[in-house]
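Asks: Once you've had a glance at the structure underneath, I'll fire off some questions.
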Amino acid sequence: MWRTYLRPASMAEALDLLRRYAGQARVIAGGTDVLVELSRGVRPTETLIDITALTELKYVREESGLIRLGALATHNDGIASPACVAGALPLAQACWEVGAPQIRTRATIAGNLVTASPANDTIPPLMALGAELALVSAEGGERIVPLAEFYPAFRRTVLRPDELIREIRFPALRENQRGIFLKLGLRRAQAISVIDIALVLTFDGEVVRDARITLGCLAPTVIHARTVEAYLVGRRLDEAVCAEAGRRACDDAAPIDDLRGSAGYRRETLAALVAEGLRRVAAGTQAAGWPATPVLLETRDTSSTVALPFAGVIATTINGTAYELPGAAGKTLLNALREDAGLTGTKEGCAEGECGACTVWLNRQTVMSCLVPAAQAHSGSVTTIEGLAHAGGAADEGDLHPLQDAFVACGAVQCGFCIPGMLMAGAKLLDERPAPNDEQILTALSGNICRCTGYRKILDAVHAASAEITEGGAA
Amino acid sequence: MSTPKTHLIGASLPRPDALGKVTGAARYPADLIRPGMLHLQLVFAQRPHARIVALDTSAAEGAPGVAAVLTAKDVPYNAHGLIDADQPALCGDVVRFEGDKVALVVAESKEQAEAAAKLVAVTYEDLPAVTDARAALAAGAPLVHAELGTNLLLHIPIRKGDTARAFAEAAVVLEGAFSTSWQEHAFLQPEAGIAYVDEQERVVIETAGQWLHEDRRQIAAMLQLPEEQVIVRYAAIGGAFGGREDLSMQHLLALAAWKLRRPVAMQWKREESMIAHHKRHPFDIRCRWGATREGRITAVEAEVIADGGAYASTSVEVTKVATLFASGCYEIPNISVDGYAVYTNNVPCGAFRGFGAPQAQFAAEIMVTRLAHALGMDPVELRRRNIYREGSLEPTQQPLPEGVSALPVLERCVEEARARLRYGEPRESDVPSAPHLRRGIGIACGIKNVGYSFGYQEQSTAKVHLYGKAELERAVVLIGAADVGQGAHLILRQIAAETLGIALEQVSMVTDDSGEAPNAGSASASRMTLMGGRAVHDAALAARAKWSAAEEYEAEAEVQFHPPATTPLDPMSGAGRPNYCYGYAAQAVEVEVNTLTGQVRVLRVISVHDVGRAINMQQVEGQIEGCLAQAVGYALLEDFQVRDGHVLTPYFSTYLLPTALDMPPEIVPVVLELADPNGPYGARGVAEMPLVPFAPAVAAAIHDATGVWLSQQPMTPERVLAALSAMNGQSTAG
């Protein structure tokens, strides 16, 4: 899909490459959007500039009332950051509603902004929070652009071809501010929004002093609901005001018909969502349902890994064995594993990050290998289904990971094609929390489609393995 | 049937194939691709209806790495199909849907094949397309197959009694109009395979499918070779659900290997799979039901129209099944149903779990519940009074095959629903904290044939080799039965071991090679346990008798099992004996409807089935639970959108399947074992049945929760909200 894969080691080098390629290259980090677009011929390129070696850009922090997200901050970073949950709940909620765990662990928030779809979930909350972007380039240095001015038109940004988003920042919510993000999707996980909204309200006691309400999928770009924002100022959020605000929101929207819903459906549900959001903010229940310890499917580890320079030949460790993959620099990790490493246990079901059959572990993360450039495994470590038993501590040839045993015993395997990916996700969950509850298991597996089992026996198997692991540990 | 001791029958033995599937060792078709093979890339028509004016392959042939570009002129007999051979392997003159294939590029690498495919220059003259089944029947409609002179593929009438008189005398008469949409199988493993010519000049295809011997028949016919010269082998099969019943790429692999005399490989992308293989039929159903004051359903009149798409596939049989079940599982004295299968320029439709039964009974079951409401009667009571019993006459005027368990299945379902869902009790407020969330309960019944119907020469053949001196030491069972993931190989092995009185480990299975294993028939129609199982059972008994009598070390027997014969439907009245076995189901569901967004969440499902006898209880539950996931998708979520012959949802990001989080939190499979007269140890099929009552049960639950009836499947949030708005608008206006 691409010919040249560049992995600059410093910001200066990255900016220099961007300048030299002058719009002919694309920047890649998590790759969850870029690889889907490339496989469909959208914004094609021969050259990828991978910025993931710029580990100094991977941060979420709060400094004197300002929350700062580095360009490499992922959706999981947003979810796992106490500062973000406390000071930017709508953003954390939006991050939680994106994709599946395997996507959230890889996809960056900056990438979500750059893809620039009006359906991208983090745009409305960041806009409502008043975010601004620090954009850098080799020649222009750094400039600051408010997010509200970042999108001149449908799927377009003001980002210049030689520019990179370095940082996203916004003031943390203060004590007199509350906010919420609500999304209407067509299923309970991995759904592109039909509509989504973010609310950030500033109160004087119970009276609204300022309202920022942003709407996704309701116009060519994410927009403010200006009519409602003005209407709410000076009012108390009683039932009548919430309902009226919902109705007025429709005046601010200009939705279209598409595959996910008609314009009429969008308007009708917009009214309901705005009213519901206001009710919850008024009642102070905006955080209801936020998981105390969200499932991440990644090992949180702040120690930074030093990536070796990449010079065209991938040298990586797969299941504890060193591999050199000279022909794989232009491939996805999935294809490199199957075609170059000869490890066919990892399956291709959709090649767009929707089915999870290709799930493997890359370094500390659980990833969909169809959306990972193979070169990102350079100097890293990959675990596939073939290595799961060993990774799970199996000592002898033929021993299995407890979850593999449980899948066999519980009848969780029918056609079996989804099972390698399902096991890699499930085993990472058990690493993350050895005794998960139903909700955590279902969330962890929400990125893995099974068409045969109805998931019940898979759920049983995770519980059975959990019992085995926790009891085994006690014994 | 004798019922000997059963230490293996019913046992939830773990599946032997699971080990390879949890370690990554199992080889699916795409895992068979090896360095040095040629790679194939198809050129699809990407337009619904057009004449091929010119086809220039020279640029592609000259591209790097290209070994050949095959077109229609390279196909010895360019037509295939399960029933009618009406589908070209590669189109030469006309393309009839966007997934039609016009050229096959063969190159040294996948990338080279893909690149060269873009260089195949096809000049089309677009023809008017017909993409609506009713429009296709209108005079002057564009013809999908001009030589036929009509788009009508089948009209089958069923006539019983005197509906005119019955409607005149009925106390309540209700009309209904229903539509159902396409459904995509979405097996997780996209079509793939390899093929080569072996040292004995046989073309060998290693792939996935549902019926080795039928694939072989069609491929041999296309290549004009004796069937013995074609070997079809199945690798591990990544799901099927009816979607691998038609040929997809198996014949094209064979063609390329045969023409080039080199090993070839092909692997479809998901979007190729989505546009190219057949789908579940959309149906348009208009009907009228009448009942007496006492709750006797006396008349059903229906028009049942199936959009068959561009090629025949199994449309004729699917439509007959839907026509037969247009009156559900109820004994109704006066029936007049007309079923039509129609060619259009949409994606072809064929087999999909349920095979016409879910569509027909979406309409029928909703009508029964509506009738009950109109009569002021409990919907369960109305069902009870009319449901099939032993000896009931079918719409085709013959008694049902023995083993009618519709009523006990329903009664058990009601019992469970009372206990678990408090069905029938006055409901307290739904969700006090959230007035926009409303809960409701719905119950529906279902019927589906087991095995092939309407006079098909149904058979299954198995061979058993036995070895042993004083005692049986081991057995080899040969049966060409596809394990598409449903666990057939373990089931057949359990039956063999039980019948022979030996341990499971002493039985080995030969199942995956058309040259070695005899023809079990298709892994479809919920038939493999009954048909293949009975063949294995009977062959095991015969082999054992020979072995006992001969006092030799070895013995073998081959048995071809035939179930009781069925007959074709009479073309004027539909009279006949359509099936030899039915499976019966009943379900109760509880839903929660969000009245602000139209979203419906299924909270609890009770799914009751008579499986005759569970050979492996864990696998039976797995079939019920897995089928319910597809039923959840079918009822609420899976919205296969097609406009003007173009599939708008060819990706998993646009065609949404249920995730783990979308499943009902509580699923209660209830398995009755009321013994089938023909099945091995009394077993009958179950794989399709959970899909039949589910959508109408959900519709009834939505009605119970909100007062609106949905008549379009899938019942998407937008449709639910539109129905709620229409009701509220009416009540405001009224």
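The values are calculated or read from the model by the stated rules, or taken from the named source; none is laboratory data. Values in this document were obtained by computation on a predicted structure and should not be read as measured data. Because the Cβ atoms are built from the backbone with ideal geometry, glycine has one as well, and the counts that use them run over all protein chains shown.
Asks: Select from region A:261-285 the residues that are outside any helix (DSSP H, G or I) and within 14 Å of chain B (Cβ to nearest Cβ) and write down the one among them that is farthest from the chain's Cα centre (by Cα).
Replies: Among those that are outside any helix (DSSP H, G or I) and within 14 Å of chain B (Cβ to nearest Cβ), it is A:Ser262.
Asks: For region A:21-71, which residues satisfy the criterion of being basic (Lys, Arg), away from every other protein chain (no Cβ under 14 Å) and under 24 Å from A:Ser369 (Cα atoms)?
Replies: Those that are basic (Lys, Arg), away from every other protein chain (no Cβ under 14 Å) and under 24 Å from A:Ser369 (Cα atoms): A:Arg26, A:Arg43, A:Lys58.
Asks: Inspect all residues belonging to region B:36-52 and state whether any of them is within 12 Å of chain A (Cβ to nearest Cβ), aromatic (Phe, Trp, Tyr) and in contact (Cβ under 8 Å) with a residue 24 or more places away in the chain.
Replies: No, every residue in region B:36-52 fails to be within 12 Å of chain A (Cβ to nearest Cβ), aromatic (Phe, Trp, Tyr) and in contact (Cβ under 8 Å) with a residue 24 or more places away in the chain.
Asks: Only residues in region B:12-23 that are small (Gly, Ala, Ser) count as the first member; pair them with residues that are part of a helix (DSSP H, G or I), Cβ under 8 angstrom, at least 6 apart or cross-chain, and list the lot.
Replies: Correct list of pairs: B:Ser12/B:Met617; B:Ser12/B:Gln618; B:Ser12/B:Gln619; B:Ala18/A:Phe407; B:Ala18/A:Val408.
Asks: Tell me, which residue of region B:181-201 that is of a type in the set (A, V, I, L, M, F, W, C) and either farther than 30 Å from B:Tyr655 by Cα or assigned to a loop (DSSP other than H, G, I, E, B) (or both) is farthest from the other protein chains (Cβ to nearest Cβ)? Outline the logic, then answer.
Replies: Restricting attention to region B:181-201, the residues satisfying the condition of being of a type in the set (A, V, I, L, M, F, W, C) are B:182, B:186-188, B:192, B:194-195, B:197.
With either farther than 30 Å from B:Tyr655 by Cα or assigned to a loop (DSSP other than H, G, I, E, B) (or both) added as a condition, the list becomes B:182, B:186-188, B:195, B:197.
On the way: B:Trp182: 14, B:Ala186: 6, B:Phe187: 6, B:Leu188: 4, B:Ala195: 18, B:Val197: 24 Å.
Once the filter is applied, the top-ranked residue is B:Val197.
Asks: Taking helices (runs of 4 or more DSSP H) that fall entirely within region B:202-293, which contain at least 2 residues that are under 19 Å from the mean Cα position of the chain (by Cα)?
Replies: B:212-223, B:270-276
Asks: Restricting attention to region A:327-340, does a residue exist that is assigned to a loop (DSSP other than H, G, I, E, B), closer than 22 Å to A:Glu298 by Cα and either β-branched (Val, Ile, Thr) or more than 7 Å from every other protein chain (Cβ to nearest Cβ) (or both)?
Replies: no
Asks: In this structure, does B:Phe283 turn out to be of a type in the set (A, V, I, L, M, F, W, C) and within 14 Å of chain A (Cβ to nearest Cβ)?
Replies: It is false that B:Phe283 is of a type in the set (A, V, I, L, M, F, W, C) and within 14 Å of chain A (Cβ to nearest Cβ).
Asks: Go through region A:364-380 and count every residue that is under 17 Å from the mean Cα position of the chain (by Cα) and closer than 15 Å to A:Thr299 by Cα.
Replies: Residues flagged as under 17 Å from the mean Cα position of the chain (by Cα) and closer than 15 Å to A:Thr299 by Cα within region A:364-380 amount to 4.
Asks: All but one of (1) over 30 Å from B:Gly442 (Cβ atoms); (2) crowded, with 20+ Cβ neighbours inside 10 Å hold for B:Gln619; which doesn't?
Replies: Looking at each condition in turn, B:Gln619 falls short on (1).
Asks: Then there's this: Taking the condition of a type in the set (A, V, I, L, M, F, W, C), part of a loop (DSSP other than H, G, I, E, B) and modelled with pLDDT of 95 or more, does B:Ala26 pass? Write out each step before concluding.
Replies: Working: of a type in the set (A, V, I, L, M, F, W, C): yes; part of a loop (DSSP other than H, G, I, E, B): yes; modelled with pLDDT of 95 or more: yes.
When the stated conditions are applied, B:Ala26 passes them.
Asks: Report whether or not A:Ala288 is assigned to a loop (DSSP other than H, G, I, E, B), within 22 Å of the chain's Cα centre (by Cα) and over 30 Å from A:Gly41 (Cβ atoms).
Replies: Yes: the conditions hold for A:Ala288.
Asks: Any idea which of B:Arg412, B:Arg383 is closer than 24 Å to B:Met715 by Cβ, charged (D, E, K, R), in contact (Cβ under 8 Å) with a residue 60 or more places away in the chain and in a helix (DSSP H, G or I)? Talk me through it step by step, then tell me what you get.
Replies: Working: B:Arg412 fails: closer than 24 Å to B:Met715 by Cβ.
Answer to the selection: B:Arg383.
Asks: Going by the conditions given, is B:Glu673 closer than 27 Å to B:Ala488 by Cα and within 20 Å of the chain's Cα centre (by Cα)?
Replies: No.
Asks: Only one residue in B:Met377, B:Met367 is aliphatic (A, V, I, L, M) and out of contact with any strand residue (DSSP E or B) (no Cβ under 6 Å at 6 or more places or on another chain), so which one is that?
Replies: So the residue among B:Met377, B:Met367 that is aliphatic (A, V, I, L, M) and out of contact with any strand residue (DSSP E or B) (no Cβ under 6 Å at 6 or more places or on another chain) is B:Met377.
Asks: Regarding B:Lys448, is this residue within 20 Å of B:Tyr388 (Cβ to Cβ), more than 14 Å from every other protein chain (Cβ to nearest Cβ), in a strand (DSSP E or B) and in contact (Cβ under 8 Å) with a residue 12 or more places away in the chain?
Replies: yes
Asks: List the pairs whose first member sits in region B:148-177 and is assigned by TED's automatic domain parsing to the domain that holds B:Val316, whose second member is among the hydroxyl-bearing types (Ser, Thr, Tyr), and whose Cβ atoms are under 9 Å apart, counting only residues at least 6 apart or on separate chains?
Replies: Short answer, once both residue conditions are applied: none.
Asks: Here's another thing I want to ask about it. I'd like to verify a number: residues in region A:120-156 that are more than 20 Å from the chain's Cα centre (by Cα) and in a loop (DSSP other than H, G, I, E, B), how many?
Replies: Final tally of qualifying residues: 8.
Asks: Further question on the same structure: If only one of B:Ala113, B:Ala89, B:Ala68, B:Ala59 is part of a strand (DSSP E or B), away from chain A (no Cβ under 14 Å) and either closer than 14 Å to B:Met249 by Cβ or in contact (Cβ under 8 Å) with a residue 40 or more places away in the chain (or both), which one is it?
Replies: It is B:Ala68.
Asks: Keeping to region B:225-270, report how many residues are away from chain A (no Cβ under 14 Å) and not hydroxyl-bearing (Ser, Thr, Tyr).
Replies: Residues that pass the stated criteria total 28.
Asks: Which numbered condition in (1) surrounded by 18 or more Cβ atoms within 10 Å (Cβ to Cβ); (2) in the same structural domain as B:Ala50 (by TED's automatic domain parsing) is the only one that B:Glu199 fails?
Replies: For B:Glu199, the exception is condition (1).
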